[in-house]
Protein chains: 2
Amino acid sequence: MTVIEDRRSRRTRGALRDALVSLVLERGYAAVTVEDIVAAADVGRATFYTHFKDKEALYDHVVSSVLQDLKERLAEVLVPEDAGFTGEPVAEVFRHASEQPDAYRMILRGEGDGRGLRAFEDAWSATAFEIFTTRVKANAVRPRVDLQVLARAWVGEQMAVLLWWLDAPEPRPATDQVVETLVELSRRGRFWATGFDPDSR
Amino acid sequence: MTVIEDRRSRRTRGALRDALVSLVLERGYAAVTVEDIVAAADVGRATFYTHFKDKEALYDHVVSSVLQDLKERLAEVLVPEDAGFTGEPVAEVFRHASEQPDAYRMILRGEGDGRGLRAFEDAWSATAFEIFTTRVKANAVRPRVDLQVLARAWVGEQMAVLLWWLDAPEPRPATDQVVETLVELSRRGRFWATGFDPDSR
DNA sequence: GAGATCATAGACAGAGTGTCCAGAAACAGT
DNA sequence: ACTGTTTCTGGACACTCTGTCTATGATCTC
C-alpha cells in the first residue's frame, strides 16, 4: 500500500470535506445536497461517488477524522498517572477545537441528526470515566455519585461551554481563561461560581 | 373560531406526531420519509400536506408543542421568588420528560440536525439565567463566573444526565433520586462527588 | 338532516440520487 | 521523456421521494 495517497485523491477529499462543513454551517445538513457539495468543491459529481458512498459517508468521515486526531493528541497529554485536577485534557480539547472550529461547530450543533455529537460525547465520556476511576482508586475514596453519570454530566457541561466558546464572536476569550474557569467550576460547584461562600460541610 | 378543533384533525395530527417520533427513534430523522410517516400513521399522503408543509414542519410542531407544554408547567413551579436551590424546576423537567420520553429522546439525541436540541437548550438556558440573576441580586453577591456561561454549563450538565436517564433500561432510577444527586453535584462540585472532602478556600 | 370541513386516491412535474461508461487528464517511477 | 496506472469527468439512465392539484366520498358540528 502506498503510504501517501495520490495527490489528486488528497486534494479531492480535502475539498469535499471543507465544502461539506461550510455548507452545513450555512444551510444545515439536511438542506445540503451532493450536487451542492461537488459544486462548492469544484469536483465532478461522478468523482464524489468514487470516494464516498453518499453524503452520510462523507459526514462520517469528517467526524471520525476529527475524533481520531483528537484521540492521538489526548494520548500525549494523558500519560501522567498523577491524580490531580490539572485540566490539561480539557485544555487540549479546546486547543484542538480552535484549530478546526467549523468542523467542531458542525458536530456540536448536532448536524447530521446528532450522530457526530453522540460519537463525540461517547468518546469523551469514556475518557472522563477512566480519569475519574483512576483518581478514585489512587486516592482510595468512595465516590458519592455513580461515575458513569458523573462523566456524562461533566462532559455535557464541557461541550455546552465549548460550543458557546466556538460561537462567541472573535476575538474569543483566551483558551486558558475559559478552561481555568471550567476547572474551578467543576471543582467547587455552582455555589462558588455565583459568589456565595461555600457552605458545604 | 372553534375552541376545540375537529376530531378528525385531532386524530390525524396526533397519529402523525406519534408516527414521526417512533420512526425517528427507530431509523433516524434523515432516513424517515413522508411516505413512511403516513404509512405508520395510517393516513393518506395528501392528508399529510393539508396539515404540514413538509417533514420539517411536523418535526417543528412536535418540538414546539413539547416546549410550550414545559413552559406552562415551569411557570407554576417558578412563581416563588425565594432564592434557594430547591431543584424544583429541574425535577419538573424530569417529570415532564418521563411523561413523553420518546419525544424527549428524539430532541435530546439531536435528531433533526439538532434544531430541537438547540431550541430546548436556548429555552432552558434563558430560564436558568433568570434564576441565577434573581438569586445573585437577592443575595447581593458578586458572581465569579459570567452568568450566561454558567447557565449554559449547568443546562449542558442537566441535559446530558436527562438523556442518560431516559435511555437507561427500565425501571429507571427514581426521578427524585437523580434530581437530588444533580442538585448536590452542581452545588458542591465534582470534588465532593468523587468522594474527596472539599478543599475549597 | 344540512352545510361545512376533512380525508383520500391518483396523476403530475420536478429535484435529487446512485450507477455506469468511455474518454481525457494527471500521476509515479524509471 | 515515456509508459502504464490511477483518477477525474460529463452525460445518460432508472429510480425514489417530493409537493401540488383535483374530484369524490366520508365525517364532523350544530
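The values are calculated or read from the model by the stated rules, or taken from the named source; none is laboratory data. Since this is a predicted model, take the numbers as computed values, not measurements. Heads up, the Cβs are rebuilt from the backbone with ideal geometry, glycines too, and the neighbour counts pull from every protein chain shown.
Among the helices (runs of 4 or more DSSP H) confined wholly to the range A:50-120, which include 2 or more residues that are within 11 Å of another protein chain (Cβ to nearest Cβ) and not acidic (Asp, Glu)? It would help to see each step written out before you state the result.
On the way: elements: A:55-78, A:88-99, A:101-108.
Helices (runs of 4 or more DSSP H) meeting the threshold: A:55-78, A:101-108.
The lone criterion from (1) surrounded by 17 or more Cβ atoms within 10 Å (Cβ to Cβ); (2) more than 9 Å from chain B (Cβ to nearest Cβ); (3) in contact (Cβ under 8 Å) with a residue 40 or more places away in the chain left unmet by A:TRP124 is number (3).
A:THR133 satisfies every condition listed in (1) buried (at least 22 other Cβ atoms within 10 Å of the Cβ); (2) within 12 Å of chain B (Cβ to nearest Cβ) except (1).
Can you confirm whether the range B:27-34 contains a residue that is of a type in the set (A, V, I, L, M) and surrounded by 17 or more Cβ atoms within 10 Å (Cβ to Cβ)?
First, the residues of the range B:27-34 that are of a type in the set (A, V, I, L, M): B:30-32, B:34.
Then drop every residue that is not surrounded by 17 or more Cβ atoms within 10 Å (Cβ to Cβ), which leaves B:30, B:32.
Yes: the range B:27-34 contains one or more residues that are of a type in the set (A, V, I, L, M) and surrounded by 17 or more Cβ atoms within 10 Å (Cβ to Cβ).
Just one of (1) closer than 30 Å to A:GLU130 by Cα; (2) at pLDDT 95 or above; (3) away from DNA strand C (no atom under 13 Å from the Cβ) fails for A:LEU25. It is (1).
Can B:GLY114 be described as touching a Lys or Arg at 6+ places or on another chain (Cβ under 6 Å) and either more than 16 Å from A:GLU157 (Cβ to Cβ) or among the hydrophobic types (A, V, I, L, M, F, W, C) (or both)? For B:GLY114, the condition - touching a Lys or Arg at 6+ places or on another chain (Cβ under 6 Å) and either more than 16 Å from A:GLU157 (Cβ to Cβ) or among the hydrophobic types (A, V, I, L, M, F, W, C) (or both) - is met.
Where residues in the range A:184-201 are more than 7 Å from chain B (Cβ to nearest Cβ) and over 20 Å from B:GLU180 (Cβ atoms), which of them is surrounded by the fewest Cβ atoms within 10 Å (Cβ to Cβ)?
Initially, the range A:184-201 is screened for residues more than 7 Å from chain B (Cβ to nearest Cβ), giving A:184, A:197, A:199.
From what is left, the residues that are over 20 Å from B:GLU180 (Cβ atoms) are A:184, A:197.
Values: A:GLU184: 18, A:ASP197: 10.
The residue in question is A:ASP197.
Step by step: first the residues of the range B:10-43, then only those that are within 9 Å of DNA strand D (Cβ to nearest atom) and touching a helix residue (DSSP H, G or I) at 6+ places or on another chain (Cβ under 8 Å), then the one that is nearest to B:GLY112 (Cα to Cα). Which residue is that? So the residue we want is B:VAL32.
Selection of the range A:148-183 for residues being facing chain B (nearest Cβ under 8 Å) and acidic (Asp, Glu) yields only A:GLU157. Considering only residues that are among the β-branched types (Val, Ile, Thr), in contact (Cβ under 8 Å) with a residue 12 or more places away in the chain and closer than 26 Å to A:SER125 by Cβ, which ones fall in the range B:128-165? Result: B:VAL155, B:VAL161.
Annotation: of all residues in the range A:50-74 being free of Cβ contacts under 8 Å to residues at least 12 places away in the same chain and within 13 Å of DNA strand C (Cβ to nearest atom), the one that is nearest to the chain's Cα centre (by Cα) is A:ALA57. Residue selection: A:ARG144 fails the criterion of being surrounded by fewer than 17 Cβ atoms within 10 Å (Cβ to Cβ), at negative phi, touching a helix residue (DSSP H, G or I) at 6+ places or on another chain (Cβ under 7 Å) and more than 9 Å from chain B (Cβ to nearest Cβ).
For the range A:22-45, a residue qualifies if it is within 14 Å of chain B (Cβ to nearest Cβ) and in contact (Cβ under 8 Å) with a residue 40 or more places away in the chain, and the qualifying residues are A:VAL24, A:LEU25, A:GLY28, A:TYR29.
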